[in-house]
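Only one structure is covered here, and it is reproduced in the block below.
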């Protein structure tokens, strides 16, 4: 049986947002959430199963487990590593899986007239998992090869080292990839325990987007997933512990044979669960920060030491990271570090930011969201990310909250999460450059950065 959830039928279409008019949701009796977004513009459809699993569920000796399981699930299909790909090809489709901090996705994109068997294919994948030690050995090598490719990329190496320093003793709850040591220690029994605990319908969602009929999708969902047996809440007896506070600022130096210098400043941001208001402010703030005509860009790039710089906040339930990343030339590296730290030191002053800047940022976010919803291939994974980190009510009311963000909202965000808070400073450059910067930092710089220089006037 199916039951309606969350979207009241008494609300008239005139009062609904455009997204609410094309999104339909129901929940099966076993707890599986079914989310359908219809878009008949292109005769394609995507079916995705999202599981509320990922790095955040990993214990200290399990880094990479969620990602390894994702690989193994495809390999286990009908006890043939090629079988899932063969069946998808018969449907004239493509498939993939992704693992992130708080969700694991399995999805198939097909011509819309093949969406029903595609849903059935995913149901078989999720409900009939079974693999051997031989499968584990083979797929572990595949994952290790992926990690080695990432480690050979200087920017990826910097990213990983900065994140490890940012999360400290909780790194295993953010480490999607794991390492050779943690992956070698993961046993078949532990993987089966992960399936039994987290791969249950009341901890998952079926998301279907594209040229589909919602009521028909609900019927197919009931037929294919209705017998999937619910289980106890996987987090009831194993809650996710709070991430210990970051108590001091640290620096990470990565020496590689590169031309430019990359500078990263990483901080702990807000949690959707504990401070949702700050998550909206963070999004607006970085939309303003990244605008090429903003006062920040004029100070740091146009007349400053950076060749480029951008900032971001990743929306997560269990503390999302904030990252500022810029590139500069080796001779300007120290000046660039001082410049960005000066900006962060007085970020709550919003120097040069106007009400027009905020209005433009809000509008761009609305337009960007509307365009993203038209890309049916990427929409389902995007919805899965929102579903896992924030919930669909947050998603549906996001634009309304964004429209209410003011300069005061941005100031509160900056004071709570940026100004004066511990952070990780990462530098990627040649051995000579990072050695010189490392000595400079060890000598006490840049403990008290000078205030940011006034931004040049915006072009008219």
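Which of (1) modelled with pLDDT of 95 or more; (2) touching a strand residue (DSSP E or B) at 6+ places or on another chain (Cβ under 6 Å) is the odd one out, the single condition residue 417 does not satisfy? In the conditions (1) modelled with pLDDT of 95 or more; (2) touching a strand residue (DSSP E or B) at 6+ places or on another chain (Cβ under 6 Å), residue 417 misses (2) alone.
For the stretch 254-268, the set of residues classified as within 18 Å of residue 339 (Cα to Cα) and part of a strand (DSSP E or B) consists of 261, 262, 263, 264, 265, 266, 267, listed by residue number. Can we say residue 361 is assigned to a helix (DSSP H, G or I), surrounded by 20 or more Cβ atoms within 10 Å (Cβ to Cβ), in the same structural domain as residue 263 (by TED's automatic domain parsing) and modelled with pLDDT of 95 or more? It is false that residue 361 is assigned to a helix (DSSP H, G or I), surrounded by 20 or more Cβ atoms within 10 Å (Cβ to Cβ), in the same structural domain as residue 263 (by TED's automatic domain parsing) and modelled with pLDDT of 95 or more.
Do the conditions hold for residue 366, that is, is it part of a loop (DSSP other than H, G, I, E, B) and at pLDDT below 95? For residue 366, the condition - part of a loop (DSSP other than H, G, I, E, B) and at pLDDT below 95 - is not met. Filtered by the rule that a residue be free of Cβ contacts under 8 Å to residues at least 12 places away in the same chain and over 21 Å from residue 316 (Cα atoms), the stretch 350-371 gives 354, 356, 359, 363, 367, 371.
Filtered by the rule that a residue be buried (at least 22 other Cβ atoms within 10 Å of the Cβ) and either in contact (Cβ under 8 Å) with a residue 60 or more places away in the chain or under 17 Å from the mean Cα position of the chain (by Cα) (or both), the stretch 301-312 gives 304, 311.
Is it true that residue 56 is assigned by TED's automatic domain parsing to the domain that holds residue 112 and closer than 19 Å to residue 136 by Cα? The answer is no for residue 56. In the set 103, 94, which member is loosely packed, with under 15 Cβ neighbours inside 10 Å and modelled with pLDDT of 95 or more? Result: 94 is the single residue among 103, 94 that is loosely packed, with under 15 Cβ neighbours inside 10 Å and modelled with pLDDT of 95 or more.
Those strands (runs of 3 or more DSSP E) of the stretch 18-119 in which at least 1 residues are over 23 Å from residue 212 (Cα atoms), touching a residue at least 24 places away in the same chain (Cβ under 8 Å) and out of contact with any strand residue (DSSP E or B) (no Cβ under 6 Å at 6 or more places or on another chain), considering only elements entirely within it, cover 94-99. Could you tell me whether the stretch 128-149 includes any residue that is in a loop (DSSP other than H, G, I, E, B), surrounded by fewer than 21 Cβ atoms within 10 Å (Cβ to Cβ) and touching a strand residue (DSSP E or B) at 6+ places or on another chain (Cβ under 8 Å)? The answer is no; no qualifying residue exists. Please verify whether residue 149 is under 23 Å from the mean Cα position of the chain (by Cα) and either assigned by TED's automatic domain parsing to the domain that holds residue 95 or at pLDDT 90 or above (or both), treating the condition exactly as stated. Yes.
Looking across 220, 272, one residue alone is in the same structural domain as residue 55 (by TED's automatic domain parsing), crowded, with 16+ Cβ neighbours inside 10 Å and over 24 Å from residue 158 (Cα atoms). It is 220. Residue 161 fulfils the conditions (1) under 28 Å from residue 135 (Cβ atoms); (2) in contact with a strand residue (DSSP E or B) (Cβ under 6 Å, 6 or more places away or on another chain) except for a single criterion, (1). Regarding residue 123, is this residue closer than 27 Å to residue 32 by Cβ, in contact with a helix residue (DSSP H, G or I) (Cβ under 8 Å, 6 or more places away or on another chain) and not in a helix (DSSP H, G or I)? Spelling it out, it is not the case that residue 123 is closer than 27 Å to residue 32 by Cβ, in contact with a helix residue (DSSP H, G or I) (Cβ under 8 Å, 6 or more places away or on another chain) and not in a helix (DSSP H, G or I). Are any of the residues in the stretch 52-75 over 30 Å from residue 253 (Cα atoms) and over 23 Å from the mean Cα position of the chain (by Cα)? Yes.
Residue count for the stretch 296-332 under the criterion of being part of a helix (DSSP H, G or I) and touching a helix residue (DSSP H, G or I) at 6+ places or on another chain (Cβ under 8 Å): the result is 5.
The values are calculated or read from the model by the stated rules, or taken from the named source; none is laboratory data. A quick note: this is a predicted structure, and the numbers were derived from the prediction, not measured. So basically every Cβ, Gly included, is an ideal-geometry build from the backbone, and we count neighbours across all protein chains shown.
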